[in-house]
Structures are given as C-alpha cells and as structure tokens.
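Report on one structure; see the data block that follows.
The values are calculated or read from the model by the stated rules, or taken from the named source; none is laboratory data. If you're wondering where the values come from, they're calculated on a predicted model, not measured in any experiment. We place every Cβ from the backbone using ideal geometry, glycine too, and count neighbours over all the protein chains shown.
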Amino acid sequence: MTNALARKFALQVTTDLTLASGWVPLNGILDLDPEVAPSLEDATAYDVNGWGSSEPTLQAWTVQATFFRRYAAGNVYDAGQELVRACIGQFATAARIGVRWYDKNGGPEANSGVAIPSWKRTNTAVKNLEQAQVTFTGTDIPLNQNIANPYTTALNPVILSVTPSGVGTAGAVTIQGSGFTGLVPTTGVKFGGTNATSFSLLNDSQIVAVLPSGSAGATTVLVTTSVGASNSFTYTRAV
C-alpha cells in the first residue's frame, strides 16, 4: 500500500463569483492547508449521564496557501497570484474571489467556494526567495464539497489584461491570462473580429500580438485555443 503525496492538490481562482467560469491556476504553491471548522455549542444534559456533549451550530472554512512569487516572461507575476492580490484592501464584491482546490490525480477531493483573501509577504530576509501566504476565508455561500473533479476538464483560455492601452494599427500589445497553450494558428487572436496581423505565444499565460487595421475606440480581444474561445475582453485602441 502506497501513501498519497501532499503535492497532489491544485488551486485555482476566478473573479466569476458564480464559480461557473474564468478559472486561473495559482502557481508556485509549496504548502496548501484547507480546513473546515465547526462552531460547537455545549449540549450537555442530564440524560447523557455525566458525559459532556456538543453540537455543531455553524461551519466555517478556510484555505491557507503559501507560494513562491515567480516571474513569467517579461517580469510579470503569476496571473492567479495577481488576481488574489487585486482583492486586498477592497470592499464588497471587489474583496471577494472564487477559489477551488482539487486532487490532480482525479481523486474524489474537490471543493469550491467564494472567499475573502488576506495576503502576507513571507521569507523577507535578504537571503530568501520571496514567498507570500494567502488565507482564503469562506463567505457568502456554503463550501461546495465533493464537486465534480475539474482536473479532467481542459480549461478555456482566460484573458485578464491587454497592455498597453491606446495602441493602434501595427502596434504590439501583451495579452496576459491563462490557458493559452494550444493557440490556434492564424485565427487564434482576434481584435474586433479581425485576425491579429501576427502573434507569438510566449508561454501559457502570455501572448504578444500585433493589431490589425481598425477604428479608434473600444474593440474586443478574443483568444482561441484547441479547447475553445476565451472571454471577450474590451480593449481601447487607437486608429
């Protein structure tokens, strides 16, 4: 009989608080600690014959994750980490994020929920590699326990940002997100329904694309891979 490995889990986050789409992996994890803790009320009565008794009246869940702060190409931090960091110091909806963790081997452990994250920078000495620790505290809806394990389902690409803004025809922009591996040739990047003049896949989370001709103002950016199409991202361009 073999033992399960602690590193079998993956963690993903999304800004879609319905938890239906937009999942982005949070990479660089070196420690993951989910916990469901009940609030217990003393239920001791005469009829338990001198033995103490308790009853759960509330349930609370947290997920604590520690991870390295790694750079992607162009000194850009991990997209999942940055989605979490954007919640810090916010209120209401902006302070919340969807989170799910699951067994990468396809096992039965898979959970999701909406949480309020807290962020703490760790390993801060001059000799250290930078790390951060996030605690996701469940809120709004109950923890969805034992959901269908998402590991077997390939994820559609997700666009998180297109920078810089205000670029026009023949200018280059960087598309940041996740799930870009398997980018469709020629038609994989579109601006307002028109194919990008050219594009280069740097890694799973970054594409550099050259804008085709078009009108100034708001347009949409769409990325398509062998899995499917991304969210339609609004971009403001020059002529």
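Could you list, in sequence order, all residues of region 110-142 that are free of Cβ contacts under 8 Å to residues at least 60 places away in the same chain and either acidic (D, E) or not in a loop (DSSP other than H, G, I, E, B) (or both)?
A110, A115, I116, P117, S118, W119, K120, R121, T122
Condition check ((1) within 26 Å of the chain's Cα centre (by Cα); (2) polar (S, T, N, Q)) across all residues:
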{"site": "N195", "(1), (2)": "no, yes"}
{"site": "L202", "(1), (2)": "yes, no"}
{"site": "S205", "(1), (2)": "yes, yes"}
{"site": "V208", "(1), (2)": "yes, no"}
{"site": "G214", "(1), (2)": "no, no"}
{"site": "V223", "(1), (2)": "yes, no"}
{"site": "S226", "(1), (2)": "yes, yes"}
{"site": "S230", "(1), (2)": "yes, yes"}
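(1) surrounded by fewer than 13 Cβ atoms within 10 Å (Cβ to Cβ); (2) closer than 15 Å to V24 by Cα: which one isn't true of Y151, the others all being true?
Answer for Y151: the failing condition is (1).
Name the residues in region 92-104 that are surrounded by fewer than 13 Cβ atoms within 10 Å (Cβ to Cβ) and either of a type in the set (F, W, Y) or over 18 Å from the mean Cα position of the chain (by Cα) (or both), would you?
Listed by number, the list holds a single entry, A92.
For every residue, the table says whether it meets (1) more than 17 Å from the chain's Cα centre (by Cα); (2) at pLDDT 95 or above; (3) not aliphatic (A, V, I, L, M).
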site	(1), (2), (3)
K120	yes, yes, yes
S165	yes, no, yes
G182	yes, no, yes
F199	yes, yes, yes
L211	yes, yes, no
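Would you confirm whether or not region 77-85 contains a residue that is assigned to a strand (DSSP E or B), of a type outside the set (D, E, K, R), at pLDDT below 95 and over 26 Å from I147 (Cβ atoms)?
Looking only at region 77-85, we keep the residues that are assigned to a strand (DSSP E or B), and these are 77.
Then keep just the ones that are of a type outside the set (D, E, K, R); that gives 77.
In the following step, the residues that additionally are at pLDDT below 95 were identified as 77.
Next, from what is left, pick out any that are over 26 Å from I147 (Cβ atoms): 77.
Yes, some residue in region 77-85 is assigned to a strand (DSSP E or B), of a type outside the set (D, E, K, R), at pLDDT below 95 and over 26 Å from I147 (Cβ atoms).
Scan region 100-109 for residues that are of a type in the set (K, R) and not in a loop (DSSP other than H, G, I, E, B) and jot them down. Break it down stepwise before answering.
Of all residues in region 100-109, those of a type in the set (K, R) come to 100, 104.
Of everything in region 100-109, just one residue is of a type in the set (K, R) and not in a loop (DSSP other than H, G, I, E, B), namely R100.
Report, by residue number, each residue of region 40-65 that is of a type in the set (S, T, Y) and closer than 30 Å to L5 by Cα. Let's see the steps before the verdict.
Filtering region 40-65 down to residues of a type in the set (S, T, Y) leaves 44, 46, 53-54, 57, 62.
Correct list: T62 only.
Suppose the filter is within 23 Å of E109 (Cβ to Cβ), in contact with a strand residue (DSSP E or B) (Cβ under 8 Å, 6 or more places away or on another chain) and modelled with pLDDT under 95; does S53 pass it?
Numbers: within 23 Å of E109 (Cβ to Cβ): no; in contact with a strand residue (DSSP E or B) (Cβ under 8 Å, 6 or more places away or on another chain): yes; modelled with pLDDT under 95: yes.
No, not satisfied.
Conditions: (1) farther than 22 Å from F91 by Cβ; (2) surrounded by 14 or more Cβ atoms within 10 Å (Cβ to Cβ); (3) out of contact with any Phe, Trp or Tyr (no Cβ under 8 Å at 6 or more places or on another chain); (4) not acidic (D, E). S118 meets all but one. Number of the miss?
Result: S118 passes all but (1).
Between a first residue in region 45-74 that is assigned by TED's automatic domain parsing to the domain that holds I141 and part of a strand (DSSP E or B) and a second residue that is at pLDDT below 90 and of a type in the set (F, W, Y), which pairs have beta carbons less than 7 Å apart while being 6 or more apart in sequence or on different chains?
Partner pairs satisfying both residue conditions: Y71/Y77.
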